[in-house]
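The values are calculated or read from the model by the stated rules, or taken from the named source; none is laboratory data. Note that this is a predicted model, so its numbers are computed, not measured. Virtual Cβ from ideal backbone geometry, glycine too; neighbours counted across all protein chains shown.
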Amino acid sequence: GSGIAPSSFRLVRELLSRLEDEDTGHIIVENLKVEIPEYRIKEIKAMVNVLGDEVYNTLPWVAGAGPITNDKVEMVMNNTWLPMLSVVAADGLPAVKDGGNVLRPYTTIKLSLRIPPTLDAIAAQNIVEELFTSNPPYGAAVSMEFEEPATGWEAPPLAQWLDDAIQHASKTVYNKPALAMGEGGTIPFMSMLGDKFPEAQFVITGVLGPYSNAHGPNEFLHIPYAKKLTACIGMIIRAFTLK
């Protein structure tokens, strides 16, 4: 049937092209994007100015490979505020040693779509479902199942007293200004806390980076850094009691 019936894998590729530009990795559906606050862009630029090539060169690149853009600010926005797609699993594909010259009856893939932190996950789910299931190519049968969608979260802007306290603590302990960063991922209880306490201020930090390793069997902390961070948090809490 090859050349008469379309390959199910090609149908998957065609459907994915409705969502993602395969040349750039950009999501092309505008309703899956949000307006990025200007102050967040300024925070990203300040962080990139300090980190430089560390924005990307800490990843375990294979020799000769590199990031999808040369713009480091765009890299960070891709990782935080812009939607990004990954294919994380597949069924219907035999092992290479078992594959033959036949058309397979189906291809199933599992997608991970990271959405902007202020985009409602249910709305995004509905957009994607309509995108993939409406007017399927060649009249193919297309079905989708969703795991529990998770809406992201954006911390509220810092109150002036808290921003001042953070900067004072950082300059006192580290002799450097504090910077802000975002991270693509899911920590559901942050959104829950934000909904429960909408007027609350948040300082979300931790001991990560060089000489620290989180969420692994050999989890460990850089003790001198942890001591300094603890001192900073203590100074911030004291500033709260005095405000």
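Suppose we keep only residues that are among the β-branched types (Val, Ile, Thr) and touching a helix residue (DSSP H, G or I) at 6+ places or on another chain (Cβ under 9 Å) within segment 207-236. Which one would you say is nearest to LEU51 (Cα to Cα)? Write out each step before concluding.
Applying the first criterion (among the β-branched types (Val, Ile, Thr)) to segment 207-236 yields 207, 223, 230, 233, 236.
From the residues that got through so far, the ones that are touching a helix residue (DSSP H, G or I) at 6+ places or on another chain (Cβ under 9 Å) too are 207, 233, 236.
Values: VAL207: 17, ILE233: 23, ILE236: 25 Å.
Here the residue is VAL207.
So which of THR118, THR107 ends up being in the same structural domain as VAL73 (by TED's automatic domain parsing), loosely packed, with under 15 Cβ neighbours inside 10 Å and either among the β-branched types (Val, Ile, Thr) or within 29 Å of ALA46 (Cβ to Cβ) (or both)? Full working, then the answer.
Numbers: THR107 fails: loosely packed, with under 15 Cβ neighbours inside 10 Å.
Among THR118, THR107, only THR118 is in the same structural domain as VAL73 (by TED's automatic domain parsing), loosely packed, with under 15 Cβ neighbours inside 10 Å and either among the β-branched types (Val, Ile, Thr) or within 29 Å of ALA46 (Cβ to Cβ) (or both).
Condition test on LEU93, is it assigned by TED's automatic domain parsing to the domain that holds THR133, more than 24 Å from the chain's Cα centre (by Cα), farther than 27 Å from TYR211 by Cβ and in contact (Cβ under 8 Å) with a residue 12 or more places away in the chain?
Details: assigned by TED's automatic domain parsing to the domain that holds THR133: yes; more than 24 Å from the chain's Cα centre (by Cα): yes; farther than 27 Å from TYR211 by Cβ: yes; in contact (Cβ under 8 Å) with a residue 12 or more places away in the chain: yes.
When the stated conditions are applied, LEU93 passes them.
For segment 131-171, what are the residues that are without any contact (Cβ under 8 Å) to a residue 60 or more places away in the chain, part of a helix (DSSP H, G or I) and exposed (fewer than 12 other Cβ atoms within 10 Å of the Cβ)?
Once the filter is applied, which keeps residues that are without any contact (Cβ under 8 Å) to a residue 60 or more places away in the chain, part of a helix (DSSP H, G or I) and exposed (fewer than 12 other Cβ atoms within 10 Å of the Cβ), segment 131-171 yields GLY139, GLN160.
Tell me, yes or no, whether segment 172-181 has at least one residue that is part of a helix (DSSP H, G or I) and more than 19 Å from the chain's Cα centre (by Cα). Lay out the reasoning, then the answer.
If we filter segment 172-181 for residues that are part of a helix (DSSP H, G or I), which is where we start, we get 172-173.
Narrowing the set further to residues that are more than 19 Å from the chain's Cα centre (by Cα) leaves 172-173.
Yes, the conditions are met somewhere in segment 172-181.
I need the helices (runs of 4 or more DSSP H) fully contained in segment 1-88, keeping only those with at least 2 residues that are under 26 Å from THR108 (Cβ atoms) and free of Cβ contacts under 8 Å to residues at least 12 places away in the same chain.
Values: elements: 8-16, 38-51, 72-80.
Of the helices (runs of 4 or more DSSP H) lying wholly inside segment 1-88, those with at least 2 residues that are under 26 Å from THR108 (Cβ atoms) and free of Cβ contacts under 8 Å to residues at least 12 places away in the same chain span 8-16.
Being among the hydroxyl-bearing types (Ser, Thr, Tyr) and under 26 Å from ALA178 (Cβ atoms) is the filter; apply it to segment 40-75 and report the residue that is surrounded by the most Cβ atoms within 10 Å (Cβ to Cβ). Full working, then the answer.
Taking segment 40-75 as the starting set, the residues that turn out to be among the hydroxyl-bearing types (Ser, Thr, Tyr) are 56, 58, 69.
Adding the requirement that they be under 26 Å from ALA178 (Cβ atoms) leaves 56, 58.
Numbers: TYR56: 18, THR58: 11.
Filtering first and then ranking leaves TYR56.
Among (1) surrounded by 11 or more Cβ atoms within 10 Å (Cβ to Cβ); (2) within 17 Å of the chain's Cα centre (by Cα), where does GLU35 come up short?
(1)
Here is a yes/no grid of residues against (1) closer than 15 Å to VAL12 by Cβ; (2) in contact with a strand residue (DSSP E or B) (Cβ under 6 Å, 6 or more places away or on another chain); (3) not acidic (Asp, Glu):
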{"residue": "LYS110", "(1), (2), (3)": "yes, yes, yes"}
{"residue": "ARG114", "(1), (2), (3)": "no, yes, yes"}
{"residue": "LEU131", "(1), (2), (3)": "yes, no, yes"}
{"residue": "PRO149", "(1), (2), (3)": "no, no, yes"}
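Could you list, in sequence order, all residues of segment 96-111 that are touching a residue at least 24 places away in the same chain (Cβ under 8 Å) and within 19 Å of VAL128 (Cβ to Cβ)?
Answer for segment 96-111, where residues must be touching a residue at least 24 places away in the same chain (Cβ under 8 Å) and within 19 Å of VAL128 (Cβ to Cβ): THR107, ILE109, LEU111.
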